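The values are calculated or read from the model by the stated rules, or taken from the named source; none is laboratory data. For clarity, every value in this text was computed on a predicted model and none was experimentally measured. Positions of Cβ are generated from backbone atoms using ideal geometry, with glycine treated the same way; all protein chains shown enter the neighbour counts.
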Amino acid sequence: MTRDSAVAGLAARLAGTVLMPGDPGFDTATTPFNARNADSRPELVARVRDTADVAHAVEWAHATGVPVVPRGGGHSYAGYSSGPGLVVDLRQLDAVCVEAATGRVTVGGGVRTGAIYAALQRHDLAFPLGNSEQVGIGGLTLGGGVAAVSRAFGLTADSLVSTELVLADGSVRTCGATENAELFWACRGGGGGNFGVNTSFTFQARRAVPSATCLLLWDRRDAQEVLAVMQEIMAAAPDEFAARIGLSRAGARRGTVSVVGQYLGAAAELRDLLAPVLVRSRPGHVEIADRTYWEAKDFLRHETSGDPFAVRTRCTPKPLADKGIEAITAAVDRWPGSANPDGAGVALFTWGGAVNRIPVGDSAFPHRDTLFLVSMDTSWSRRDARCVVRRNLAWLDELYEEMGEYATDAAYVNFTDPALHNWRTAYYGPNLARLCEIKRRYDPDRVFDFPQAL
């Protein structure tokens, strides 16, 4: 059978459509979120309409030896939701059903978080969904999913009640705590694209909580003191408060220290929590305000320029030592620069709280002892010369290696890092062996395969 006839056979089985390079809609269905991976292109796209279409697509791929690439939001930092192989475009699996009486929320595998937020807001219900409205629910959940409210509410995956999954042989499984429990365990932190194509998710939501937000900005000269004091504040903070503590540079500017966060309570209480840093070093900008839960979500929304970037992560169970902070500030000072307005920097995302109260073996997500995710990033413009790109990546690699003295090798799978050599243990830690056994059992022929597939 020729490839053309095989593709025609797939198209005949689908209620949806098959797209080939050059077809209208192909680029929209395959363009990577990170422009660094712009050259990554799949062979074809199955724009599926339902679970049966997904099963047909997976069966076809298994029979023809083409890797399957599930794509919901398409936000893989490393471009793993863009190819090569058969992209299963899940965007038409976009139903959102909220049962207000029970708080159960069932969504299609291709829904983006903005649509879920909109449905939840109508009922004043919430579960952790992150700070972008364009991220697909599948990748977010399967990698764990950490949000500004996770210290109080847990991970996105911790709210998961059940999920429907199309396996490598085309069979469909409903997975929950008592049904296909091993697969359910793996789907809560085992990473997107490893075990099948998730066509729906059901979550347990809770009542939204009135909130306060903060945005504090300092000059680079205050970095050492602010980072040290803020780490101590967050180590002692109640679960209701989470913050991102950052030092960044863009263009020719010397650098900016920032604290942005959400508190599930009153602004006056948040100001009291921040008092130690406000007294020690006066910010150039202070914004602490009461907001509804939904206003806070909008305030914390994150956007990027769309140009290429790279991110590397480490985890730490305690505040970084002073020398670790010195390493961060020195590295940001020597950033080589680029034309991307996003610039570069280091952010400490506060984890802990409810995330850490779940035993590490209860789900595939392994980082249940982490206080801060240390996220190091750089970016460049597609107009920049190759030497600029090389210098930026070398700067990031050097910083990553240097921070190994102050933070662990553990890394967050949803901030996918294609340069990570020890990714198996870094992403999955003590849960690696169990995940690999589940992979062998349910995908022995590696239908779901990509550079960092289990």
| request: Go through (1) out of contact with any helix residue (DSSP H, G or I) (no Cβ under 9 Å at 6 or more places or on another chain); (2) under 22 Å from ILE116 (Cβ atoms); (3) not in a helix (DSSP H, G or I) one by one and return the number of the condition ARG188 breaks. | output: (1)
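Say whether the condition of being over 18 Å from the mean Cα position of the chain (by Cα), under 24 Å from SER305 (Cβ atoms) and not in a helix (DSSP H, G or I) is met by at least one residue in the range 357-378.
Within the range 357-378, the first condition is being over 18 Å from the mean Cα position of the chain (by Cα), and the residues that meet it are 357-362, 369.
Narrowing further to those that are under 24 Å from SER305 (Cβ atoms): none.
The answer is no; no qualifying residue exists.
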| query | If you take the residues of the range 231-270 that are part of a loop (DSSP other than H, G, I, E, B) and in contact with a Lys or Arg (Cβ under 6 Å, 6 or more places away or on another chain), which of them is modelled with the highest pLDDT? | reply | ASP239
| So which of GLY337, GLY324, GLY284, GLY361 ends up being on the phi > 0 side of the Ramachandran plot and among the small types (Gly, Ala, Ser)? | GLY337
| task | Considering every residue within the range 112-124, establish whether at least one is part of a strand (DSSP E or B), among the basic types (Lys, Arg) and modelled with pLDDT of 95 or more. | result | yes
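Which is touching a residue at least 24 places away in the same chain (Cβ under 8 Å), surrounded by fewer than 19 Cβ atoms within 10 Å (Cβ to Cβ) and in contact with a helix residue (DSSP H, G or I) (Cβ under 9 Å, 6 or more places away or on another chain), of ASP239, ASP219?
When all the criteria are applied, what remains is ASP239.
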| said: When the residues of the range 381-407 are narrowed to those that are touching a Gly at 6+ places or on another chain (Cβ under 9 Å) and not in a helix (DSSP H, G or I), which ends up surrounded by the most Cβ atoms within 10 Å (Cβ to Cβ)? | reply: ALA407
| message | Being within 21 Å of the chain's Cα centre (by Cα) and either charged (D, E, K, R) or under 16 Å from ASN131 (Cβ atoms) (or both) is the requirement here; does GLU303 meet it? | response | yes
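Taking the options LEU167, LEU140, LEU183, name whichever one is touching a residue at least 60 places away in the same chain (Cβ under 8 Å) and buried (at least 24 other Cβ atoms within 10 Å of the Cβ). So that I can check it myself, show each step before the final result.
Details: LEU167 fails: buried (at least 24 other Cβ atoms within 10 Å of the Cβ); LEU183 fails: buried (at least 24 other Cβ atoms within 10 Å of the Cβ).
That would be LEU140, the only listed residue that is touching a residue at least 60 places away in the same chain (Cβ under 8 Å) and buried (at least 24 other Cβ atoms within 10 Å of the Cβ).
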| message | Can you report the number of residues in the range 48-77 which are surrounded by fewer than 22 Cβ atoms within 10 Å (Cβ to Cβ) and either in the same structural domain as GLY144 (by TED's automatic domain parsing) or of a type in the set (Lys, Arg) (or both)? | response | 1
| message | Give all pairs with beta carbons closer than 7 Å in which a residue from the range 3-22 that is over 12 Å from LEU86 (Cα atoms) meets a residue that is assigned to a helix (DSSP H, G or I) and of a type in the set (Ser, Thr, Tyr); count only pairs at least 6 apart in sequence or on separate chains. | response | ALA6/THR64
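Could you identify the single residue in ASP27, ASP94 that is surrounded by fewer than 16 Cβ atoms within 10 Å (Cβ to Cβ), in a loop (DSSP other than H, G, I, E, B) and modelled with pLDDT of 90 or more?
On the way: ASP27 fails: in a loop (DSSP other than H, G, I, E, B).
Exactly one residue qualifies, and that residue is ASP94.
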| Boolean, ALA419 is modelled with pLDDT of 95 or more, more than 20 Å from LEU140 (Cα to Cα) and within 18 Å of the chain's Cα centre (by Cα) | yes
| request: Mind listing whichever residues of the range 36-60 are out of contact with any strand residue (DSSP E or B) (no Cβ under 8 Å at 6 or more places or on another chain), at pLDDT below 95 and part of a helix (DSSP H, G or I)? | output: ASN37
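Of VAL277, VAL286, which residue is hydrophobic (A, V, I, L, M, F, W, C) and either under 17 Å from the mean Cα position of the chain (by Cα) or crowded, with 22+ Cβ neighbours inside 10 Å (or both)?
The unique qualifying residue is VAL277.
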| note | Note on the range 51-94: residues without any contact (Cβ under 8 Å) to a residue 24 or more places away in the chain and touching a Gly at 6+ places or on another chain (Cβ under 7 Å) are VAL66, ASP94
| said: Between a residue in the range 424-444 that is among the aliphatic types (A, V, I, L, M) and any residue that is assigned to a helix (DSSP H, G or I) and surrounded by fewer than 19 Cβ atoms within 10 Å (Cβ to Cβ), which pairs come within a Cβ distance under 8 Å, given they are 6 or more apart or on different chains? | reply: LEU432/ARG424; LEU432/THR425; ILE438/GLU182
